[in-house]
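The values are calculated or read from the model by the stated rules, or taken from the named source; none is laboratory data. Source: prediction; values computed, not measured. Methodologically, a virtual Cβ is constructed for each residue, glycine included, from the backbone with ideal geometry; neighbour enumeration extends over all protein chains shown. To get the accessible areas, we keep the full protein, side chains included, count just its heavy atoms, and leave off ligands, DNA and RNA. Shrake-Rupley method; radii C 1.70, N 1.55, O 1.52, S 1.80 Å.
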Amino acid sequence: MIVETASGITLVGGGPVSARDLKLALKLAPVSVAADGGADRMLAAGQRPGVIIGDLDSLSDQARRTVAPANLYHIPDQSSTDFDKALRSLSAPFILALGFSGGRSDHALAVLNSLVRHSRQPCLVLGPKDVSFALPAGRFEIALRPGDLFSLFPFARVCAQSEGLEWPLDPHVFAPDGFIGTSNRVTARRVRLQMAGNGMVAILPRARLRQAIAALSLSPRG
């Protein structure tokens, strides 16, 4: 591992990042890591990266000079994204990822694919309106508010059951080319899910970021 910490990690990518969102993320996850050109996004928002990871093809000379050579990690692998390189190089109770959504559709799909493939490392992708994360296999419970939107999207064939949703999963078999669970709605103060395997991404309103962090922190990872 490049970074192992008992604190949350704020991981910044090359997409749009507001100073307000970055300040919020660093308050919740104080260890900062930039994925390649995400270092320039951090500097533009008034913050300096602690570590930079990636193939470094988008990193400016100015951003490169902000970290010591020992904190600059060049991973030249062109078969994976900088987000993927970072996820497999970090170990923390959770990661908050900014600058990885709101851009191209192919980039967004690659990010969600990496969330699922590296689901042992809890990571939450903060977008303009929502927060996305891979659900662990087994039981997952989260405190929400009735009326909240709750979406599920499978990246593998997964059987799921639920309590606390307007349209229960009793059980449904999800698949990328079959049944999906977008635009469901919360009906109770606690939502309980049972996942018979990995491969499911949950998407919640970004106002529930703290609840999602707490739930993932309490969930066992296989």
Query raised in the report: What is the Cα centroid distance between segment 84-142 and segment 32-65, reported in whole angstrom?
Result: 19
Requested in this report: Starting with the highest mean, order 85-97, 204-216 by the number of other Cβ atoms within 10 Å, averaged over the residues of each peptide.
Outcome: 85-97, 204-216
Requested in this report: Counting only heavy atoms of the protein chains, get the accessible area per residue of segment 142-222 (1.4 Å probe) and round it to a whole Å² value.
Outcome: 50
Query raised in the report: From the backbone phi of segment 84-99, what are the Karplus-calculated ³J(HN,Hα) couplings (6.51 cos²θ - 1.76 cosθ + 1.60, θ = phi - 60°) in whole Hz, Gly and Pro given as x?
Result: 5, 4, 5, 4, 7, 10, 10, 9, 7, x, 6, 10, 9, 10, 10, x
Query raised in the report: What Rg and what Dmax come out for segment 64-143 when only alpha-carbon atoms are used, in angstroms?
Result: 14.1, 45
Query raised in the report: Within the accessible area of segment 111-222, what % is carbon and sulfur when the probe is 1.4 Å and the other protein chains stay in place?
Result: 52
Report summary line: Restricting to lysines and to Cα separations under 22 Å from Lys129, and discarding same-chain partners fewer than 8 apart, the set is Lys23, Lys27
Query raised in the report: Tell me, what is the percent relative contact order of the chain, built from C-alpha pairs under 8 Å that lie six or more residues apart?
Result: 19
Report task. Please work out the Cα convex hull volume for segment 14-108 and give it in Å³ per residue. Result -> 98
Query raised in the report: How large is Rg/Rh for segment 148-222, to two decimals, with Cα atoms and a Kirkwood Rh?
Result: 0.93
Report summary line: Measuring from the longest principal axis of the C-alpha atoms of the chain, the long axis of helix 105-117 (C-alpha) lies at a number of degrees, nearest 10, equal to 70
**Report entry** Two-decimal ratio, segment 6-70, of alpha-carbon radius of gyration to 2.2 N^0.38 Å
**Finding:** 1.00
Report summary line: Using alpha-carbon coordinates alone, the radius of gyration and Dmax of the chain in Å work out to 17.3, 55
Report task. Send over a whole-number figure in Å² for the accessible area per residue of segment 1-83, probe 1.4 Å. Result -> 50
Query raised in the report: Counting only protein heavy atoms, what percent of the accessible surface of segment 4-87 is carbon or sulfur at a 1.4 Å probe?
Result: 49
Report task. Provide the packing ranking of 105-114, 194-203, i.e. peptides ordered by the mean count of other C-beta atoms within 10 Å per residue, highest first. Result -> 194-203, 105-114
Query raised in the report: Classify segment 113-176: rounded, prolate or oblate, from the alpha-carbon gyration tensor (a ≥ b ≥ c, eigenvalue square roots; a/c under 1.5 rounded; otherwise prolate if a/b is larger than b/c)?
Result: oblate
Requested in this report: Give the percent of DSSP beta bridges with both residues in the chain that are antiparallel, rounded to the nearest 5.
Outcome: 60
